[in-house]
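Input: a single structure, listed below in structure tokens.
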Amino acid sequence: MSSPSRPADAQVPAARRVVFVDGVRTPFGRARKDGLYAHTRADDLAVKTVRELLRRHPQLPPERVDDVALAATTQQGDQGLTLGRTVAMLAGLPPTVPGFAIDRMCAGAMTAVTTTAAAIGFGAQDVTIAGGVEHMGHHPMGFDADPNPRFLAERIVAADALNMGVTAENLHDRFPALTRERADAYGVASQEKYAAALASGRIEPDLVPVALRDPEQGWGLATADEPPRPGTTVEAIAGLPTPFRPGGRVTAGTSAPLTDGAASCLLAAEDVAVELGLPVRMRLVSFAYAGVEPEVMGLGPVPATRKALDRAGLTVDDIGLFEVNEAFAVQVLSFLDAFGIADDDPRVNPYGGAIAVGHPLASSGVRLMVQLARQFAEHPEVRYGITTMCVGLGQGGTVIWENPHYDVQEADR
């Protein structure tokens with residue numbers, strides 16, 4: 001009787017470098033009844049970004065896209081029904097291209113990127129599209145949510161941990177050095193930096209226009225961000241009310257406005273990008289997510305960044321550019337203080353941030369990446385950059401990127 005043959009050993013793929021090929025976003029609109037996208041579907045916003053990526057890169061055969069990951073914090077209505085798959089179909093990708101939805105609240109798009117990038121790095125996929133959309137006008141934050149009563153009954157979280165504005169006030173309480181004056185100055189600086197970036201042509205190239213239809217005003221075209229308030233001054237916001245606490249320190253001038261918008265990016269294995277003639281705008285180095293007490297949610301980027309730096313064998317001194325999501329000014333300031341970075345350090349958010357442009361929750365992670373990619377091209381002396389953000393319920397996420405344009409001679413000057 002012959003013995004059965006020994007099964008062959010499976011071929012385990014070697015790790016591959018993952019690159020950020022390109023990213024785009026819609027103009028961001030204010031989340032209100034008369035806002036830019038009041039009569040536009042959330043999934044249609046995401047479709048515009050995916051179609052634009054394909055239009056910009058005709059050398060990419062659509063069937064080569066291995067997966068589409070789209071994030072939303074509220075996954076219902078026009079943000080439901082497995083966004084990655086439905087948006088892929090609506091964007092005209094072949095039916096052979098799968099897709100899925102993802103949720104890590106504010107870090108949804110960031111998680112879509114790191115999840116599909118991990119699949120590429122492992123060798124399971126070659127090319128992916130990752131992004132996020134949030135129509136906060138159609139889906140207010142926390143609307144129809146039903147938190148388990150055990151959270152409060154068993155004191156798993158503080159009573160105010162689900163109110164993001166209150167968590168920002170808690171940071172002011174915990175760290176006396178984080179004064180309202182510093183936060184006000186930071187909020188104004190964000191508006192000024194965004195206005196300067198817009199005037200110098202650094203914002204528009206990454207925007208995809210969106211056709212609008214209003215039942216009263218007819219057809220239109222969204223070509224610019226709606227939230228920014230150019231000309232904002234410290235004097236103008238000094239008297240703003242503090243809606244999250246009487247006599248508090250967090251105001252509309254130091255918070256990201258409620259926003260509608262979408263952003264998507266194209267990722268690939270570096271060898272596949274070379275094969276297809278796709279550009280390489282950033283290389284993924286490492287990423288990490290971390291948890292903190294939910295009542296001080298804004299501290300999340302600090303441990304996430306430390307973890308990502310440790311995994312990469314880097315220190316904060318190696319980072320030449322920081323894209324920090326500005327949910328609240330105090331949250332960014334807590335990050336800067338943790339790493340000994342000055343409030344006005346030119347490496348931090350050179351184009352301004354969410355306080356000016358808005359924060360459509362699950363899409364913001366890719367907006368940070370889009371801006372960092374453009375800054376890398378402008379700064380060949382910088383080798384590494386970070387995109388980082390706080391996440392609701394006490395989390396943080398950080399991705400470290402390498403600049404493919406890095407020039408040692410430029411760095412030495």
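Couplings 3J(HN,Hα) of region 249-256, computed from phi: 10, 9, 10, 4, x, 10, 10, 6 Hz, in residue order, whole Hz [Karplus 6.51 cos²θ - 1.76 cosθ + 1.60, θ = phi - 60°; x for Gly and Pro].
Using heavy atoms of the protein chains and a probe of 1.4 Å, the accessible area assigned to Arg51 is about 120 Å². Modelled spin-label separation between Glu63 and Phe143, with each label point placed 7 Å from Cα along the Cα-to-Cβ direction: 4.1 nm. Among the chymotrypsin sites (Phe, Trp or Tyr not before Pro) in region 366-413, none sits in a DSSP loop with a Cβ that has at most 10 other Cβ atoms within 10 Å. Seen through its C-alpha gyration tensor, with square-root eigenvalues sorted a ≥ b ≥ c, the chain comes out rounded because a/c lies under 1.5.
Accessible-area rank, largest first, for Arg16, Arg367: Arg16, Arg367, with all protein chains present and a 1.4 angstrom probe.
The label point for Arg6 and the one for Phe151, both projected 7 Å from the Cα toward the Cβ, are 5.4 nm apart. Straightening the chain between Asp214 and Asp345 buys 42.9 nm, computed as 0.36 nm per residue apart minus the Cα-Cα spacing. For region 393-407, putting each phi into the Karplus relation 6.51 cos²θ - 1.76 cosθ + 1.60 with θ = phi - 60° gives couplings of 6, x, 9, x, x, 9, 10, 9, 10, 10, 7, x, 8, 4, 10 Hz, in residue order, rounded to whole numbers and with x for Gly and Pro. Figure legend: label point modelled 7 angstrom from the Cα of Asp317 along Cα→Cβ; residues of region 328-360 with amide N under 20 Å from it are 336-343, 345-348.
Loop sites by DSSP among the GluC sites (Glu not before Pro) of the chain, restricted to those with at most 12 other Cβ atoms within 10 angstrom, leave 217-413 as the longest stretch without any of them.
Between Asp412 and Val274, what is the FRET efficiency for a Förster distance of 30 Å, r being their Cβ-Cβ separation, to the nearest 0.05?
0.60
For Leu162, neighbours were defined as the other residues whose beta-carbon sits under 12 Å from its Cβ, and their charges (Lys and Arg +1, Asp and Glu -1) total -3.
Annotation: Arg64 carries an accessible surface of approximately 70 Å², with a 1.4 Å probe and no ligand, DNA or RNA atoms counted.
Carbon-plus-sulfur accessible fraction, the chain (probe radius 1.4 Å, protein heavy atoms only): 54%.
Extending 7 Å from the Cα toward the beta-carbon at both Ala159 and Arg32 defines two label points whose distance is 3.1 nm. For Ala124, the shell of other residues with beta-carbons less than 12 Å away shows a net charge of -2, using +1 for Lys and Arg and -1 for Asp and Glu.
When ligands, DNA and RNA are left out and all protein chains stay put, how many square angstrom of accessible area per residue does region 124-227 have with a 1.4 Å probe?
I get 52 Å² per residue for this part.
Extension gain for Leu90-Thr242 works out to 50.5 nm (0.36 nm per residue, less the C-alpha to C-alpha distance). In this view, the solvent-accessible surface of Asp44, computed with a 1.4 Å probe and all protein chains in place, comes to about 70 Å². The chymotrypsin sites (Phe, Trp or Tyr not before Pro) of region 113-151 that DSSP puts in a loop, and whose beta carbon has at most 13 other beta carbons within 10 Å, are Phe143. Between amide H atoms placed 1.01 Å from N, distances below 5 Å from Ser286 occur with Ile400, all of them 5 or more places distant or on a separate chain. With a cut-off of 12 Å between beta carbons, the residues surrounding Leu178 carry a summed charge of -2, where Lys and Arg count +1 and Asp and Glu -1. Considering only the chain, what is the antiparallel percent among its DSSP beta bridges, to the nearest 5? Of all bridge pairs located within the chain, approximately 70 percent are antiparallel. Across region 281-288, computed HN-Hα scalar couplings (Karplus, 6.51 cos²θ - 1.76 cosθ + 1.60, θ = phi - 60°) run 9, 8, 10, 6, 9, 6, 8, 7 Hz from first to last residue, x flagging Gly and Pro. Per residue, region 301-366 exposes 27 Å² of accessible surface when a 1.4 Å probe is rolled over the protein heavy atoms with every protein chain present.
The values are calculated or read from the model by the stated rules, or taken from the named source; none is laboratory data. Nothing here was measured: the structure is a model prediction, and the numbers come from that model. Using ideal geometry, Cβ is built from the backbone for each residue, glycine included, and neighbour counts are taken over all protein chains shown. Surface areas here come from the heavy atoms of the whole protein model, side chains and all, with no ligands, DNA or RNA. Shrake-Rupley method; radii C 1.70, N 1.55, O 1.52, S 1.80 Å.
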